[in-house]
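Notes to accompany the following structure.
The values are calculated or read from the model by the stated rules, or taken from the named source; none is laboratory data. This structure is a prediction, so every number in the text was calculated from the model and none was measured. Heads up, the Cβs are rebuilt from the backbone with ideal geometry, glycines too, and the neighbour counts pull from every protein chain shown. We work out accessible area using only protein heavy atoms, side chains counted, and drop any ligands, DNA or RNA first. Shrake-Rupley method; radii C 1.70, N 1.55, O 1.52, S 1.80 Å.
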Amino acid sequence: MTECIPPHFPFQHLDRREVVADFQGGRITSDAGALLLRELDSRLGLLDLFAACFSDHRDPDRIEHSLGSLLKQRVFGLCLGYEDLNDHDRLRYDPLMAVLAGVADPLGEHRRDPANRGQALAGKSTLNRLELTPVGADEDSRYQKIVAHLGQIENALIDMYLLQQPTPPTRIVLDLDATDDPLHGHQLGRFFHGYYGAYCYLPLYIFAGDHPLAAILRPSDRDASLGCLPHLERIVARLRAEWPGVEIVLRGDSGFCREYLMRWCEANGVQFLFGLAKNKRLLRIVGQAMHAAKAAFAESQQPSRVFQDFEYRTQKSWSRSRRVVGKAEHLPGDKANPRFVVTSLSEAAFDAKTLYEREYCARGEMENKIKEQQLFLFADRLSCETLRANQLRLYFSTVAYVVMRALREFGLHDTPLATAQCDTIRLQLFKIGALVRVSVRRVLVSFSESYPWRTVFAQVWSNLHRLASPGARPRPSATG
């Protein structure tokens, strides 16, 4: 891309008037609505929890960008749609971004180096050190001195979840899923995955409702469930320490229907609900139900379902028989669509139809959340060379999603954006043109008079101001 930007951009005339544009408007931001993100974080302290997972070995007398400001700049940048670190070479001039990052000198007038004055924030090279610092860096390292502790970040995601629960839940459903993160270079851990038909990573996600509790980057040369048990043990132990009486249900597709997972659940009082891959024995068991579904379809010409509840045990791999629910379904085009789930939930608690349609199919919402994070918060932007650096990028995206999710719950309720996805929230709530004026006493942000959603903005601002800061934050985990 050329760096030769013309000083003026002539456009089509308006009657007899010339229409000319330039980039000389002064301190104008296009992201003024992001002040709501700063307000939210000031009350919940999500990014403070995130910052506590890093060790900063830099000499405090020689730095100008604090660890907290670097992390806020990076995470809020993702929330605003800036996926590339190169974007920050221009964003560092934006006084509104400096306000979001908590920089006391939002115009950068007091930078030590005269060449950097006017640049309140860090550029791409400084931000990149957050990702590229090796685990063994210390104060004697030359450039990269900010060390991320991945185990602490894993536990911080649980802390963020606990922080946002005003009342103890009686039941928590933990959704597990693995997805593909396509790779377009020769990153460490790059393998070809036959199912996805591409070179990719295979990250593991664990959600509680719409809140991510784990986002673990893995190479794709492995089973979807491999390595999930240590993370489940850690998460379940922490949830039970906080809420001893809570019921925990583990839910996943057939990629997680493994004997060791079901046996662990049964030994630790955790319920489970997994998809079960079909085989000849299962198809024979539901054969009569499939005929009934086909007959119902022939009569109504509408998709028909018949559910069958039975006990089942594999010939070799399972240690005991378990409850299985079969869905015998017939679809237009004379298409049979049998499906199966295996569960520890009792028939008295959930009949077969409710178990499948309400309890199991609800896991599809988690897939929507993963897709939202990948598409709109750039969880698939994993172009660093090492697996560790790309894991950090995935965590930045995940924390950005946690922030947006918190805004949806605490700020957007009772508004038209209460269930909006991140890109809609960004477009309608954050992308507001505003003039920024900085004086000794205040920072005045004057929004565009023609902003069409000012009523929604005012409601979100009011919701956040009624949000009381949580009391004592959850104690940091002992592990990690």
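Odds and ends about this structure:
- Ordering Ile63, Ile28 by accessible surface, largest first, gives Ile28, Ile63; the 1.4 Å probe counts only protein heavy atoms, with every chain in place.
- Evaluating 6.51 cos²θ - 1.76 cosθ + 1.60 at θ = phi - 60° for every residue in the range 259-265, the Karplus couplings come out as 4, 5, 6, 5, 5, 5, 4 Hz, glycine and proline recorded as x.
- Taking amide H as placed 1.01 Å from N in the peptide plane, the amide H of Asp177 sits under 5 Å from that of Tyr205, each at least 5 places away or on another chain.
- Per-residue accessible area (protein heavy atoms, 1.4 Å probe) orders Glu139, Glu64 as Glu139, Glu64, starting from the largest.
- For peptides 378-388, 15-25, sequence by mean Cβ density within 10 Å, most packed first: 378-388, 15-25
- Ala198 long-range amide H proximity, modeled H, under 5 Å: His193
- Taking each residue as 0.36 nm, the span from Glu266 to Leu132 lengthens on full extension beyond its C-alpha to C-alpha distance by 44.1 nm.
- Label-to-label distance, Lys278 versus Arg117, with points set 7 angstrom from Cα along the beta-carbon direction: 7.3 nm.
- Relative contact order, percent, the range 48-177 [alpha-carbon distance under 8 Å, six or more residues apart]: 28
- Heavy-atom accessible surface of the chain: percent carbon and sulfur, 1.4 Å: 51
- Dipole of the chain computed with +1 at Lys/Arg Cβ and -1 at Asp/Glu Cβ about the Cα centre; of Phe297, Ala198, Phe396, farthest Cα towards the positive end is Phe297.
- Over 22 Å between alpha carbons, listed pairs Lys294/Lys353; Lys327/Lys369; Lys280/Lys327; Lys124/Lys371; Lys294/Lys327: Lys327/Lys369; Lys124/Lys371
- Shape category assigned to the range 98-160 from the gyration tensor of Cα positions, a/c cut at 1.5: oblate
- Å² of accessible area per residue within the chain, as computed with a 1.4 Å probe and no ligands counted: 50
- Reported label for calculated log10 I(q)/I(0) by the Debye sum over Cα atoms at q = 0.06, 0.08 Å⁻¹ given (i) -0.25, -0.44; (ii) -0.28, -0.51; (iii) -0.34, -0.59: (iii)
- Of the residues Asp223, Asp177, the one with the largest accessible area comes first in the ranking Asp223, Asp177, computed with a 1.4 Å probe on protein heavy atoms.
- Placing R0 at 41 angstrom, the Cβ-Cβ distance between Ala418 and Ala241 gives a FRET efficiency of 0.80 after rounding to 0.05.
- Spatial separation of Cα centroids for the range 63-137 and the range 174-195, in angstrom: 30
- Stretch gain in nm, segment Arg190-Thr167, where the contour uses 0.36 nm per residue and the Cα spacing is subtracted: 4.0 nm
- J(HN,Hα) series, the range 199-213, from Karplus relation 6.51 cos²θ - 1.76 cosθ + 1.60, nearest Hz, glycine and proline x: 6, 7, 8, 10, x, 9, 10, 10, 10, 10, x, 9, 10, x, 9
- Beta bridge orientation in the chain: antiparallel %, DSSP, nearest 5: 85
- Site pair Ala104 and Trp461 shows an inter-label distance of 2.7 nm when each label is modelled 7 Å from Cα along Cα→Cβ.
- A simple charge model with +1 on the Cβ of Lys and Arg, -1 on the Cβ of Asp and Glu and nothing else charged puts the dipole of the chain at about 800 debye relative to its Cα centre.
- Rel. contact order, % - alpha carbon contacts under 8 angstrom, at least six apart, the chain: 19
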